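Derivation of every value follows stated rules applied to the coordinates shown; laboratory data play no part. Being a predicted model, the structure only gives us computed values, none of them experimental. FYI the Cβ positions are ideal-geometry reconstructions off the backbone, even for glycines, and counts take in every protein chain you see.
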Amino acid sequence: MKKLSFLKAAYEILKRENKPLTPEKITEIALKDKLIESSGKTPERTMGAQIYVDIKRKGKKSKFIKIGKRLFGLREWKNFDSKEEIMEKTIKTSLLQDFIKRLKEAQFKSSPPTEFEELLKAAFEFLGFEAELIGGSGDTDVLLTANIGQESYKVNVDGKTSKFGKIIDRQIDWLSLRDHKEKNNANFIVVVGPKFSGGNLEQRAKEYNVSLLKTEDLIKILEAHSKFPLTLLEIKDLFTYSGDLSARIEDILTQNYSRRNLLEQFRIILEEMESIQDRLGYFSFDSLAGREKIEELEITPDDIDYIIRLLRLPFVNGIKEVEQGKYILTMKIKDIAHIFNQISELLIKEKPITEPPKVIPSTEIKTPVKFGSKYFKWYIKGHSIIAVARKENPYEHYCPLEHFKTIFEVIIESFNENNVINTDLIFSKLDGKELAPNRMFKGKPEEYKIRMTLGILEIENLLKWTGSKRPIEFKLNTSIENIQKWFENTFRFK
């Protein structure tokens, strides 16, 4: 096979791969496919130099275009008219993991920090913000705007890099951050960096109302958003907190997973509808709620009601009410799926990014005792308490310790008034109450925190399941005094 020149090989590879690549990656593919030959020790440098020189000499006539630091694409990609648009396309496709890798590397490059700032801009655009790269002395690095009507807000983002992997107090000019916020009429200030030293830095962040966002936490948000989009209101709620956001992020990600989990249960509910309909000729709300699979997955009556209402919408028309409280599916599940595919294609033409949910390795899972709760293990991590749910396909729920403590107090209060309690009772007591200072209980999206707290007390053999499934009820398995002693001993230093 005749060997190609470096430039011809680069063109062929970029065209074939249809995504931006570094000179190292282009060279790796070219050598593997035997498109080029090189006697030099650093063919990737030769490749990068030749592409770079071609762009400089030919300008807009060059077949290549520089996207970012050591990342090249093809000018013929008509969808890409600028460096910013290419960056946006890079993160909105299956290149998300490549983008994350670049973000991880850039956070440790102390000079120059421009690449990190560009990556932060692209990351927040991926989350739905309008982002403007400002940089330079006397202003913020990136200005974010969330255009959501009356709830619109602005965020100043300051990117901090460190080759040592930790941002210390003297690296942050707190007064300048406050000045930049006023200058840009921003609502929030967020500093993004590898890690933060804590201590005095954490105290100053709270004093100046600055949110500290670790790069690894931003990556968690990006990955979650790629699976099931976060709303700009959820992110706004996150930025209302000052200091380290880690515990808040775990909280918002758990809520995101709960919403995503309902979609994963969508098919189960449809299959149960079909099964009942095949036997009775119709299905009802009560017949669905009593199905064993529905109970095992703890799918609530509200969730069933949401899905029935969704499928009755005129543009779906998948369910018809034939008599009072009796329904039929008017089409097969595959046809319902086709309708939602059509809706997706009408709304957006780009292929969504999907990744399998994180599964806890089976080696970490212990055989659970049969409980009323689905939780079988828990532990404390930083400022959060984490409970592991379900033996098969397990997943984790996070709850900030301060939220857990509030719910615990309400549970104790409830047992002082009742011999048996359930989630609904605790929910009603928390409605309109603060889980933490200036942080109201959000209702349905945070109901899992109640189940989680009850589940942990059950794991500790402090509560006992009565056997009731709807609702799941608990009674005391020891005295209230012993439960309070357990709490004080467990969270003494938290």
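Let me check I have the definition right: for the chain, take the eigenvalues of the Cα gyration tensor, multiply each by 5, take square roots. What are those semi-axes in whole Å, largest first? Before the final figure, lay out the partial values.
Values: eigenvalues 433, 204, 91 Å².
The equivalent ellipsoid of the chain has semi-axes of 47, 32, 21 Å.
Out of segment 449-494, which chymotrypsin sites (Phe, Trp or Tyr not before Pro) are coil in DSSP terms and have no more than 10 other C-beta atoms within 10 Å? Can you show the working numbers first?
On the way: sites: Trp465, Phe474, Trp486, Phe487, Phe491, Phe493; in loops: Phe491, Phe493.
Qualifying residues, ordered by number: Phe493.
So, in Å, what gap is there between the alpha-carbon centers of segment 451-476 and segment 154-213?
42
Report the percentage of all Cα-Cα pairs in segment 6-78 whose separation exceeds 13 Å, rounded to a whole percent. Please list the in-between numbers first.
Details: 1583 of 2628 pairs.
So the portion of pairs separated by more than 13 Å is 60 percent.
To the nearest whole percent, what portion of all C-alpha pairs in segment 362-490 is separated by more than 17 angstrom? Intermediate values should be presented prior to the final figure.
Working: 4685 of 8256 pairs.
Counting every Cα pair in segment 362-490, those more than 17 Å apart make up 57 percent.
Express in % the proportion of alpha carbon pairs of segment 262-347 at distances exceeding 22 Å. All intermediate terms of the calculation are to be shown ahead of the outcome.
On the way: 770 of 3655 pairs.
Within segment 262-347, distances greater than 22 Å cover 21 percent of Cα pairs.
Output the 0 to 90 degree angle, nearest 10, between the alpha-carbon long axis of helix 43-58 and the longest principal axis computed from the alpha carbons of the chain.
70
Round to the nearest 10 and give me the degree value, 0 to 90, for the angle of helix 447-459's Cα axis relative to the longest principal axis of the chain.
With rounding to tens, the tilt is 70 degrees.
Need the list of aspartates and glutamates near Lys56 for cross-linking: C-alpha distance under 12 angstrom, and skip anything on the same chain fewer than eight residues off.
none
Among the DSSP beta bridges whose two residues both lie in segment 96-244, what percent are antiparallel, rounded to the nearest 5? All intermediate terms of the calculation are to be shown ahead of the outcome.
On the way: 9 of 22 bridges.
So the antiparallel bridges in segment 96-244 amount to around 40 percent.
Show me the three semi-axes of the equivalent ellipsoid for segment 96-244, from the C-alpha gyration tensor (sqrt of 5 times each eigenvalue), largest first, rounded to whole Å. Mind showing how you got there, number by number?
Numbers: eigenvalues 85, 74, 43 Å².
The equivalent ellipsoid of segment 96-244 has semi-axes of 21, 19, 15 Å.
From the helices alone, meaning DSSP H stretches of at least four residues, give me the mean residue ellipticity at 222 nm for the chain, per-run term -39500 (n - 2.57), in deg cm²/dmol to the nearest 500. Spell out each step's value before the answer.
Values: 19 runs with 231 residues, N = 494.
Roughly -14500 deg cm²/dmol at 222 nm, from the helical runs in the chain.
On a 21 Å Cα-Cα criterion, which of the cross-link pairs Lys391/Lys429; Lys109/Lys181; Lys41/Lys61; Lys293/Lys391 come out too long? Numbers along the way, then the final one.
On the way: Lys391/Lys429 31 Å; Lys109/Lys181 26 Å; Lys41/Lys61 31 Å; Lys293/Lys391 15 Å.
Listed pairs above 21 Å: Lys391/Lys429; Lys109/Lys181; Lys41/Lys61.
State which entries of Lys183/Lys236; Lys214/Lys444; Lys25/Lys104; Lys214/Lys381 exceed 23 angstrom in Cα-Cα distance in the structure shown. Each step should come with its number before you reach the end.
On the way: Lys183/Lys236 20 Å; Lys214/Lys444 29 Å; Lys25/Lys104 18 Å; Lys214/Lys381 16 Å.
Correct reply: Lys214/Lys444.
Taking Cα atoms, how many degrees apart are the long axis of helix 6-17 and the longest axis of the chain, rounded to 10 and kept between 0 and 90?
20
Take the Cα atoms of segment 368-433, find their three principal axes, and give me the spread along each one in whole Å, biggest first.
36, 29, 17
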